[in-house]
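One structure below.
Any read-out appearing in this document is the output of simple, stated calculations on the displayed coordinates, not a laboratory observation. Only a predicted model underlies this, so the values are computations on that prediction, with no experimental measurement involved. Glycine also receives a Cβ, built like all others from the backbone with ideal geometry; neighbour counts cover every protein chain displayed.
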Ligand code: CA
C-alpha cells in the first residue's frame, strides 16, 4: 500500500515515515502544499495523511480540491491538540479521520488499516482465500493451517495480490504500490519476491499471466 504523507515538520514527518515503513507501507513524504498536489496528480495513492498548516497551499484547500474533483481516496488529517475547529472543518470537508498531534504512530497505523479495510469493504482484518489466511493487522500468513514467515515486502506483495484474487495485477502496478520514491528498486525486484513466495507456498498459487502480470488462483 502506498501512502502520501504531507507534513512540513521534519521531525514528525521523519518519525511517521519510518514507523509506517516498518509497518510495510510505502510512504512518499512531501513538505508543502504544492508538492502534495503534484504527487496527488501523479499517483493513485491508497491513502493520504494530511497536515493542515502547510507552506504554500494549506491542507484544507488540498482536501477540498480532492473532493471537488471526486477523488475518494481516504484522508486522515493531522492536527494540533487545540485546533478543534480545524478538525471539524477537516471532517466536514471530506476527511475520513483525524489524528491529534502528538500521536502514537502505532495508533496511526491502526487507523490507516481500519480505513483501508472499510475502503475494501472488509469487516475484519483477515483475508481468506483457498487454503490461505492472511491477517492484515498482525501480518501473519497461514497456509494449510501452518504459519508462513514473510518479509515485509512479501507480506505487502501477497496482500496486493489478495486484494482482488482472480484478477491479474501487472508488475508495474505492484511496483507502484510497493515502493516509495526514496527506495531503490531493482528491475527484477517483483520477480524475486514472487519467486520467494512460491518457494514458501508452492509454485501454483501465484500464476504468471504472460505479458500481463500475476494472479492468485484458488485451485491450482
Ligand atoms: Ca504544519
Distance from segment 90-107 to segment 142-164 (C-alpha centre basis), Å:
29
In degrees from 0 to 90, rounded to the nearest 10, what is the angle of the helix 59-68 Cα long axis to the longest principal axis of the chain?
60
Expressed in nm to one decimal, what extension gain is obtained for the pair residue 82 and residue 106 from 0.36 nm per residue of sequence separation less their Cα-Cα distance?
6.5 nm
Which value in deg cm²/dmol, rounded to the nearest 500, describes the helix-derived mean residue ellipticity at 222 nm for the chain, given -39,500 (n - 2.57) per DSSP H run of n ≥ 4 and division by the residue count?
-12500 deg cm²/dmol
May I ask you to sort 126, 190 by Cβ crowding, counting other Cβ atoms within 10 Å and putting the fewest first?
126, 190
Computed over the Cα atoms of the chain, what is the convex hull's projected area averaged over all directions, in nm²?
12.4
Residue exposure sequence - 64, 113 - by fewest surrounding Cβ within 10 Å:
64, 113
Treat each spin label as a single point 7 Å out from the Cα along the C-beta direction, and report the residue 118 to residue 92 distance in nm.
1.9
Rounded to the nearest 10 degrees, the helix 105-119 long axis (Cα) sits at an angle to the longest Cα principal axis of the chain of 70
Which percentage, to the nearest 5, of the DSSP beta bridges contained in the chain is antiparallel?
45
Rounded to the nearest 0.05, what FRET efficiency is calculated for residue 131 and residue 176 with R0 set to 30 Å and r the Cβ-Cβ distance?
0.55
How much length is gained on full extension from residue 140 to residue 210, taking 0.36 nm per residue of separation minus their Cα-Cα distance?
22.2 nm
Relative to the longest principal axis of the C-alpha atoms of the chain, give the angle of the C-alpha long axis of helix 10-22, reported between 0 and 90° and rounded to the nearest 10°.
20
Neighbouring Cβ atoms within 10 Å as the yardstick, rank 156, 93 fewest first.
93, 156
Cα centroid distance between segment 63-77 and segment 178-193, in Å?
28
